[in-house]
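All remarks here apply to the structure that follows.
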Amino acid sequence: MSPAPHAARLFDVAGRAYVVTGAASGLGLAISQALTANGARVLLVDCDADRIDEVASRLGAQGVASAVDVADAQALQDAVDRFIGDSGRVDGLFANAGISGGPGFATAAGAVTGRLENQDSSHWSRVLQVNLLGVLNSLQAVVPAMKQARRGSIVITASIAGMQAEPFVSYSYAAAKAAVIQLMRQSALEMAPFGVRVNAICPGFVRTGIGGGRLHDPAVEADLVRRIPLGRLGAPHEIQGVALLLASDAGSYVTGSLFPIDGGALLGGFLSSPHPIDASP
Ligand SMILES: NC(=O)c1ccc[n+]([C@@H]2O[C@H](COP(=O)([O-])OP(=O)(O)OC[C@H]3O[C@@H](n4cnc5c(N)ncnc54)[C@H](O)[C@@H]3O)[C@@H](O)[C@H]2O)c1
């Protein structure tokens, strides 16, 4: 029997090197904080140049800022190559950058624009470019080095909107998130013989800057919490535990898996009935 490991050792990322896209805000920032606070070096990729510089200076020497749009495959590859050259390694990628496609058909703001007959291909193309092709570009940027090292962990930020119909978000967003889940499965299968693991996290509703910050609107929140069994929106730091699990050796036998982090939203059912569950002790 092997000795029981200490949690700090099991989840250890110290001295390792990771790439995080969309690192200037929300979930990407929380993931980057968890990694750097535990001694990892992180390439902080974001298209918001001012903000990513500010985040890098806050995170200290462990954070390396890179103002790159993930839709620009060559710029991303160049940045990742420089980082791998400097670090001498790459242990993981969080392909996390993403944008909203606007409000869904069941929201006040999207009641007209979110309808099926009002879908506009130019708008779809930017959402697919960032949320789908940006993820593909990110995987392609790290995979040659990981295959050579015969190890690595890739984590894609998908969404519960890629797992079930979600009227709060746009068609384009839901379609792109479903597509990256399949991209995750396809690449997990191909990469497994190289020792490279690929998984996806599927957040529910987490209060970040996405969609112009509409998850900070109390009216939107009141509407959403009826569908969340834990009774509240998530906070970005609540992604950090799963991020560390997948980045570290704690997740060494996990590949091709989805990790919903959603306060139970995927359980289904509205909690707005006249007979709510009595949660008193
Ligand atoms: N917040 C939620 O409720 C929620 C739910 C499910 C999935 N997600 C996903 O989580 C990921 C992170 O989003 P968030 O909620 O933290 O939003 P956010 O807006 O707070 O952060 C996203 C970051 O990505 C950056 N970014 C956007 N497009 C980019 C591009 N083309 N290239 C590089 N950087 C880019 C932004 O500048 C921003 O800093 C996204 O993929 C999003 O779809 C979020």
Under a plain spin-label model, where a point goes 7 Å from the Cα along Cα-to-Cβ, how far apart in nm are S2 and R226? 4.9 nm
Round to a whole angstrom and tell me the spacing of the C-alpha centers of region 48-77 and region 163-220. 21 Å
Using unit Cβ charges (K, R positive; D, E negative) and no other charged atoms, how large, in debye to the nearest 20, is the dipole of the chain about its Cα centre? 620 debye
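Given the Cα-Cα distance of H237 and K147 and 0.36 nm per residue of separation, how much length would full extension add, in nm?
Working: separation 90, 0.36 × 90 = 32.40 nm, distance 3.06 nm.
That pair, H237 and K147, stretches by 29.3 nm at full extension.
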If you average the alpha carbon positions of region 1-40 and of region 127-143, how far apart do those two centres end up, in angstrom? 22 Å
Net charge near A30: determine it from the other residues with C-beta under 12 Å of the C-beta of A30, scoring Lys and Arg +1 and Asp and Glu -1. 0
Rounded to the nearest 5, the percent of antiparallel DSSP beta bridges in the chain equals 5 percent
Region 120-177 shape via C-alpha gyration tensor axes, a/c threshold 1.5: oblate
Can you give the helix-only mean residue ellipticity at 222 nm for the chain, where every DSSP H stretch with n ≥ 4 adds -39500 (n - 2.57) and the sum goes over all residues, rounded to the nearest 500 deg cm²/dmol? -11500 deg cm²/dmol
Computed curve, region 14-123, Cα-only Debye sum without solvent term, log₁₀ I(q)/I(0) at 0.14, 0.17, 0.19, 0.22 Å⁻¹, is -0.59, -0.75, -0.86, -1.06
Near G101, within a Cβ-to-Cβ distance under 12 Å, what is the net charge of the other residues, with Lys and Arg +1 and Asp and Glu -1? 0
Any idea what Rg and Dmax come out to for region 7-259 if you just take the C-alpha atoms, in Å? 17.5, 53
So D50 and A14, fully extended at 0.36 nm per residue minus their Cα-Cα distance, gain in nm 10.2 nm
Each label sits 7 Å from Cα toward the beta-carbon; between A109 and L189 the label points are separated, in nm, by 3.8 nm
What's the local net charge at V90, with K and R +1, D and E -1, over the other residues with C-beta under 15 Å away? +4
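Computed from the coordinates by the stated procedures, all read-outs in this text should not be read as laboratory data. Computed from a predicted model, the values in this text were never measured in an experiment. No Cβ is skipped: glycine too gets one built from the backbone with ideal geometry, and neighbour counts run over all protein chains shown.
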